[in-house]
1. Hey, can you grab everything whose amide H is under 5 Å from the amide H of residue 142? Only 5+ residues off in sequence or another chain; H modelled, so Pro and N-termini drop out.
2. For residue 331, give me every one of the lysines with a C-alpha distance below 21 angstrom, ignoring sequence neighbours fewer than eight places off in its own chain.
3. Can you tell me what share of the DSSP beta bridges in segment 41-294 is antiparallel? A percent to the nearest 5 is fine.
4. Could you grab the relative contact order for segment 327-399? Cα pairs under 8 Å, six or more apart, rounded to a whole percent.
5. Please give the helix 388-405 orientation as an angle from the longest Cα principal axis of the chain, in degrees from 0 to 90, rounded to the nearest 10.
6. So how do 354, 1 rank on accessible area, 1.4 Å probe, biggest first, that is with the largest at the start?
7. Give the residue from 83, 250, 176 lying farthest towards the positive end of the charge dipole for segment 41-294; charges sit on Cβ (+1 for Lys and Arg, -1 for Asp and Glu) and the dipole is referred to the Cα centre.
8. Suppose a student asked you for the relative contact order of segment 41-294, using Cα pairs under 8 Å spaced at least 6 residues apart; what percent would you report?
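The values are calculated or read from the model by the stated rules, or taken from the named source; none is laboratory data. For clarity, every value in this text was computed on a predicted model and none was experimentally measured. Every residue, glycine among them, receives a Cβ derived from its backbone with ideal geometry; neighbour counts consider all protein chains shown. Please note that ligands, DNA and RNA were not included when accessible areas were found on the heavy atoms of the full protein model with its side chains. Shrake-Rupley method; radii C 1.70, N 1.55, O 1.52, S 1.80 Å.
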Amino acid sequence: MSLDIQKIRKDFPILSQQVYKKPLIYFDNGATTQKPRVVLDEEIKIYTQENSNIHRGVHFLSEQLTQRYEDARKVVQKFINAPNDHEVIFTSGTTESINTIAFSFGEKYVYEGDEIIISTLEHHANIVPWQMLCERKKAVLKVIPINEKGEILLDEYEKMISPKTKIVSVNHVSNALGTVNDVKSIIEIAHQNNVPVLIDGAQSIQHGKVDVQELDCDFYVFSGHKVYGPNGIGVIYGKEKWLNEIPPFMTGGEMIKKVTFEKTTFNELPFKFEAGTPNYVAAIGLATAIEYIQQLGLENIVAYEKELLDYATQKLESIEGLKIIGTAENKVSVISFNLENIHPYDAGMVIDKMGIAVRTGHHCAEPLMQRLNIEGTIRASFSFYNTKEEIDKLCEAIMTVKQMFG
Ligand code: PLP
């Protein structure tokens, strides 16, 4: 089945507006995705008809919403094929999810001289928490190198892993280049060495089927707002064994079993990692977003986004002086590029004035930019609601940029 893009676009109210008197072309989906009306309606419905703090009340509204929150957890569980719903923890987003694991896992298992492996392709959110842990525990951060196409060098990774390695944490898809990493092999190699792996799924969850059991990852994390859901909600999937063993990160209400002034015992999973009032409205909104894309069909989304990627790659490549940054064999619908002798910010500002939202800069991946010897890129990241006509408009805008600065 192919997607009816014009019909789908009507589901996203924001897409029908104009900016600078031009139809909005939204190519900044890597930063955040737009929300379909069903998600917005769901949130309004909760606030206008169902709102009540969950898990604490015996009254009707509280019990009803607690059930809806737990049902949302089950939707996420099925979406990523987690074995159990208590292995799905709600957080505020990928950043909080990684910080939680870096802190909790690090507290328990990382000591002086130990090593943690990440890759050159990481977003700051998957660098800084590990760096802080290494500083606290006097451990060493090791970084897997990449080739010129922006692909992880598996041979080098294999050589780096050692009895000192305590955890590997890599992204599934690079936000800056769109590279899809061979995380299955990365996990296999780590497991041969009894090392657990965290997968940062912030840029993969929206672009294809994720099956945490098939990947056999130990942790998988993502943000709701990048998969057409609300802001302020994210997920940690963690294998029960690890989540039971590591201490909580945030402490306070809800995550306790019993508190005395002398000692506190912790609640069972998943509540041990959900201190305080969770963003239950956004959790339910996330479940609605997941159901929305499931109705479209993930395989249809993958096929259409591939079509957009191929079309855009071919059109952009034909522009003189344009260099695509990140040419991995396996990519999602994200294209980073630079224009000869034109600063990405200058280009981005002109493109913006034509109503086209692209992102410019280092994309929170400064070490990657340093590795590539560039200051930044212009990044167009496509979603299933984008069209080839919009890509044509981007190419026209780039020609204007070239005329202005060339
Ligand atoms: N990891 C990757 C690969 C990302 O692309 C992002 C955001 O762009 C993050 C982590 C951080 O996500 P958030 O800001 O939603 O916490």
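1. Sorted by chain and number, the residues that satisfy this are 116, 117, 118.
2. Cross-link targets: 149, 184, 209, 226, 306, 315, 323, 388.
3. Working: 14 of 29 bridges.
Within segment 41-294, antiparallel bridges account for around 50 percent of the total.
4. About 38 percent, as a whole number.
5. It works out to around 60 degrees.
6. Values: 354 55, 1 165 Å².
Output order, biggest surface exposure first: 1, 354.
7. 250
8. Relative contact order, segment 41-294: 24 percent.
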